[in-house]
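Any read-out appearing in this document is the output of simple, stated calculations on the displayed coordinates, not a laboratory observation. Since we're looking at a predicted model, the values are computed, not measured. We place every Cβ from the backbone using ideal geometry, glycine too, and count neighbours over all the protein chains shown.
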Amino acid sequence: MKRKLLFLERFMYGDGSAPFHGVFSLKIRGVFTAEQLQQALAKLQAGHCLLNMVIEEDSKGVPWFVLSKRPAPIPVRIEERQGDEHWMQETRREWATLFQVNTHPLLRLVWLRGAEVSDLLLVVHHCAFDGGAVLCMVHELLSLLDAPQKKVAAATALPFTHVQDLVPHNIYYSRGNRAKRLLLGGVAQLAAVAVPVIKRLQRQPEVTGRKDYFITWTIDKDATSALTRRCVTQKITPHAALTTAFLYAFRQVKGAAARNRILCPVDIRRYVREIKKDTLFAFGMGVNLSVSKKSDAGFWQAAQQVQAALTRQTDKLNGYDFLMNFECFHPMLARRAKGKTKEMVNYDMVFSNLGRLDIPKSFTSFEVEAVYPPTVMGPTGNYNTVLTSTFRGQMDFSFTGSTHHFAYEEAVRVKEIAMELLLGQP
């Protein structure tokens, strides 16, 4: 049983030599044993084929998810908890630690163990799991940890093996879509030859002395509630308000060098019914948002314009087209550089909003006291990424970056300006 990595999965896998990791961390008050944790992870692994797969490359260097004949258990590293900021130190460590993709699952766990309070860090390779998949695994893991007697049906087959399994037959094989794929395939072949030549001519500088960082902050319950109410009054979503605040902040910090564009991932499950909520998957779509540089509108008027653009773009999204069309661009990845040069990008940052987390607060034997801001760090491109989620009524943020793209001091200033714009508006 095997499946070739889809285009974006393969993009995030790269050549396998560099990490592209996400870390999702929880603070738990209560007591459980290492045996209980291992049992819960074993049941979680049994319930999902993808957690029993490794990555192998064929003779042409194309990576495949392959079902392991003897799956290794999900690795667990146990450290004694050193305080409320220990998870941040371990997050940085996990960013840089490669997965053994040929022999072990693409999920591992760090347990910062304390007498009454522990932290659990779920670390994933982004080529296999997106935010939706991580939330699914967190929910299942906590339920299994709380109820050791719970039985789980073993997964016997992959949810899909080809893109054709996700796209209705009449759509995939329509004359128009076949012609479009043929055209895009030709474009990809030309780009595979041209892009490396252009990059050499541009003489892009090599990345040296790379230092990754992240900052975190929280909007308390009262401020979160007030922001939500204001967004309702303005008939916009918090996502639009937050995006506008960060666009303005980048403009103030970077001036004319600001790109005035933010890339926002969109969960493809909303657009492809064949991908279920509990399907472990890593292929997402996205929209690009900006604010008019010529307009003299105030903050909330600009946020309403961003909301209108967001609605227009999401209404036009077609998950089937994304899946089919992106698969035409594999030739470009076959000649992709190994990520040693500084890549040029056309956006200021990636902004991902996980929304209100569907994670229970209380279980029989423990309580989820906090969900730390998730983080993600990859090997190439623009590392500026803000992730936000809401748990127990408060909104949490992380800003990850790398110094060769964006100075730490600039990131802090962007955060300060964005929050002042967002929360200080009359």
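Could you compute the net charge surrounding Trp300? Neighbours are other residues with a C-beta less than 11 Å from the C-beta of Trp300; K and R count +1, D and E count -1. That works out to +2. Tell me the mean residue ellipticity at 222 nm calculated for the chain from its helices only (DSSP H runs of n ≥ 4, each -39500 (n - 2.57), averaged over every residue, nearest 500). The helix-only estimate for the chain comes to -11500 deg cm²/dmol at 222 nm. Straight-line cross-link reach from Lys69 at under 16 Å between alpha-carbon atoms covers these aspartates and glutamates, not counting any fewer than eight positions away in the same chain: Glu56.
Between Thr103 and Thr311, the FRET efficiency from the beta-carbon distance, with R0 = 56 Å, is close to 0.75.
Each peptide in 143-155, 274-286 gets a packing score, the mean of other Cβ atoms within 10 Å over its residues, and the list from highest to lowest is 274-286, 143-155. If the segment from Ser292 to Val152 were pulled out straight at 0.36 nm per residue, it would be longer than the present Cα-Cα gap by 45.2 nm. The stretch between Gln164 and Val193, if pulled fully straight at 0.36 nm per residue, gains 7.7 nm over its current Cα-Cα span. Note on Rg and Dmax of the Cα atoms in Å: of the candidates (1) 23.7, 78; (2) 21.9, 64; (3) 20.3, 63, the value calculated from this structure sits at (2).
Before anything else, pin down the relative contact order of the chain: Cα pairs under 8 Å, at least 6 apart, normalised by residue count, whole percent.
Working: 744 pairs, mean separation 103.1, N = 426.
Relative contact order of the chain: 24 percent.
Considering only Cα-Cα distances, which of the following residue pairs are longer than 23 Å: Lys60/Lys276; Lys293/Lys415; Lys294/Lys316; Lys27/Lys276; Lys60/Lys277?
Working: Lys60/Lys276 32 Å; Lys293/Lys415 21 Å; Lys294/Lys316 26 Å; Lys27/Lys276 28 Å; Lys60/Lys277 33 Å.
Flagged as over cut-off: Lys60/Lys276; Lys294/Lys316; Lys27/Lys276; Lys60/Lys277.
The modelled label-to-label distance for the pair Lys180/Thr228, using points 7 Å beyond Cα in the direction of Cβ, is 3.8 nm.
What is the stretch 84-139's relative contact order, in percent, from Cα pairs under 8 angstrom and six or more apart in sequence? It would help to have the intermediate numbers written out before the result.
Numbers: 36 pairs, mean separation 15.3, N = 56.
Reported as a whole number, the value is 27 percent.
Here the label points at Arg70 and Gln89, each 7 Å from Cα along the C-beta direction, are separated by 3.7 nm in the simple model.
Once you keep just the Cα pairs under 8 angstrom separated by 6 or more residues, what percentage relative contact order results for the stretch 216-349? Each step should come with its number before you reach the end.
Numbers: 113 pairs, mean separation 40.9, N = 134.
Result for the stretch 216-349 is 30 percent.
Largest mean-square fluctuation among Pro374, Pro71, Pro19, in a Gaussian network model of the chain whose springs join Cα atoms under 10 Å apart, belongs to Pro71.
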